[in-house]
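Visitor: Have a look at the structure that comes next, please.
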Amino acid sequence: MSQLQQLRDESDFDQLPHNIPVSATIADIEEKKGFIDYYTFVIEVKTKGGSKYLIYRRYSEFYNLHQILESKYSPENPEKPGPSTCILPSIPGKVFIGNKKEIAESRIPELNTYMKGLLGLPTWFLLDEALRMFFYQTDRDSEHQPKALRRLRPPTRKVKTVKPKMDLFSSPRAEAIFDFRGNSKAELNLKKGEVIFLLRRVNADWLEGTVNNQTGIFPQSFVKIIKPLPDSDSEGEVGGPTYSCLRCFLLTPSGVQTRDVCVQEDLTIQPSYKELLSRMRNVFKEDNIALNYRDTEGDLIRILDDEDVQLMIKEGRGQQGKVKRPVNQFPWELYATLASDLSVYNSEA
């Protein structure tokens, strides 16, 4: 690089806004539970002005960013890049099979190298809107409290945890009156007769508690309350993850199974068709199922892709004023069927 070129680049950098990200490092990974379980990367971003903040991004967000940047800036001939093109760093490819935690861990060094390469591109590239939005700290990012930041801690640091003594006779607790098998890692497995120590109320139908050194949520209808939670806890004022409820039905010739599935997504979320299908297969332990929703006429409509999911949600929200539901329940419901022909169920609607 010539001295003149170096001086010009330094001058351009000095003119950048102070909130432009100049470096980013993955501090940890966190497991998220919802329609499907996945991992997010906890990223510490440093700006030109010297500030630091945390953002939380999935691998799919990295991949989508790369696709956008590639379409805008990759030269047709890599050996002859133009003045408004540049060679992007390579991003780790998609992995479809394997342990999700191990996959996320293995991607950390490659994603760190990828971010370093992006933020080391020419100064004008740092002003790209898609790049800035990726590293922008949203309200959700700023409100989220990380569970750990192990890669930002000094390697010699030791954290000593002291478990508080639990007064077994004064703690809120319940006894399981039926066996319950959770459908995800967020839900507890209960055996009849076990005592569960209550932590908080999730909603009108679900509680969070601990048993056998495991913490999770479970339906209140499966337990008998021995000592209730304090009033503030019962009203859902205690801190912790908030859950939304999705009502699901499995329609079979022998009857209807109903499940209320708790997920950590906000009620405004629009999951993908694949996420919903994967979750319903897990909930009802059936692989050969199809997803449906009821339209305003009461007929079952088959869901085949993301556009159908969007239409279901739109119609569900249109019925919010007509159908009374709990405040934490999604405005739409899912109907899973085993049969390919919906005529028998539509005739019963």
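Visitor: Under the rule a/c < 1.5 gives rounded, and otherwise a/b versus b/c splits prolate from oblate, where does the range 50-141 land using the Cα gyration tensor?
Guide: It comes out oblate by the Cα gyration axes.
Visitor: If I take R0 = 35 Å and measure r between the Cβ atoms of Y53 and V195 in this structure, what FRET efficiency does the formula 1/(1 + (r/R0)^6) give, to the nearest 0.05?
Guide: So, using R0 = 35 Å, E works out to roughly 0.25.
Visitor: Check which residues have an amide H placed less than 5 Å from D28's amide H, if you skip close sequence neighbours.
Guide: For D28, the qualifying residues are V42.
Visitor: Note down the nm distance, to one decimal, between modelled labels 7 Å out along Cα→Cβ at H18 and at Q67.
Guide: Label-label distance for H18 and Q67, simple model: 3.7 nm.
Visitor: Once neighbouring chains are kept in place and the probe is 1.4 Å, which whole percent of the accessible area of the range 50-137 is contributed by carbon and sulfur?
Guide: Ligands and nucleic acids excluded, carbon and sulfur reach 54 percent.
Visitor: From the protein chains alone at 1.4 Å, what is the descending order of accessible area for S221, S74, largest first?
Guide: Most to least solvent-accessible, the answer reads S221, S74.
Visitor: Past the 19 Å Cα-Cα mark, which pairs from K33/K116; K32/K274; K100/K274? Display every interim value, and only then the final one.
Guide: Values: K33/K116 29 Å; K32/K274 17 Å; K100/K274 17 Å.
Check vs 19 Å cut-off fails for K33/K116.
Visitor: Counting heavy atoms of the protein chains only and a 1.4 Å probe, report the per residue accessible area for the range 60-143 as a whole number of Å². Provide the component values of the computation, followed by the final result.
Guide: On the way: 5360 Å² over 84 residues.
It amounts to 64 Å² per residue over the range 60-143.
Visitor: Please list the non-local residues whose amide H lies under 5 Å from the amide H of W206, H modeled 1.01 Å from N, same-chain partners needing a gap of 5 or more.
Guide: Result for W206 returns Q220.
Visitor: Considering only protein heavy atoms, with the full assembly of protein chains and a 1.4 angstrom probe, order K80, K324 by accessible area, largest first. Show your work: numbers first, answer last.
Guide: Details: K80 155, K324 200 Å².
From most accessible down to least: K324, K80.
Visitor: Set the Förster distance to 25 Å, then compute FRET efficiency between R132 and T25 from the Cβ-Cβ distance, nearest 0.05.
Guide: That pair, R132 with T25, gives E of 0.90.
Visitor: Alpha carbon centre of the range 279-319 versus the range 33-86: separation in Å?
Guide: So the two Cα centres are separated by 33 Å.
Visitor: Over the range 191-331, with every protein chain in place, what whole percent of the accessible area is carbon and sulfur at 1.4 Å, could you tell me? Let's see the in-between values first.
Guide: Values: 3680 of 7800 Å².
C and S fraction of accessible area: 47 percent.
Visitor: Ok, one more. What figure in square angstrom, to the nearest 10, would you give for the accessible area of Y39 with a 1.4 Å probe?
Guide: Result for Y39: roughly 40 Å² accessible.
Visitor: Keeping all protein chains in the complex and leaving out DNA, RNA and ligands, what accessible area do you get for W206 with a 1.4 Å probe, in Å² to the nearest 10?
Guide: 10
The values are calculated or read from the model by the stated rules, or taken from the named source; none is laboratory data. Computed from a predicted structure; not experimentally measured. Using ideal geometry, Cβ is built from the backbone for each residue, glycine included, and neighbour counts are taken over all protein chains shown. Quick note on the areas: whole protein, heavy atoms, side chains included, nothing else; ligands and nucleic acids left out. Shrake-Rupley method; radii C 1.70, N 1.55, O 1.52, S 1.80 Å.
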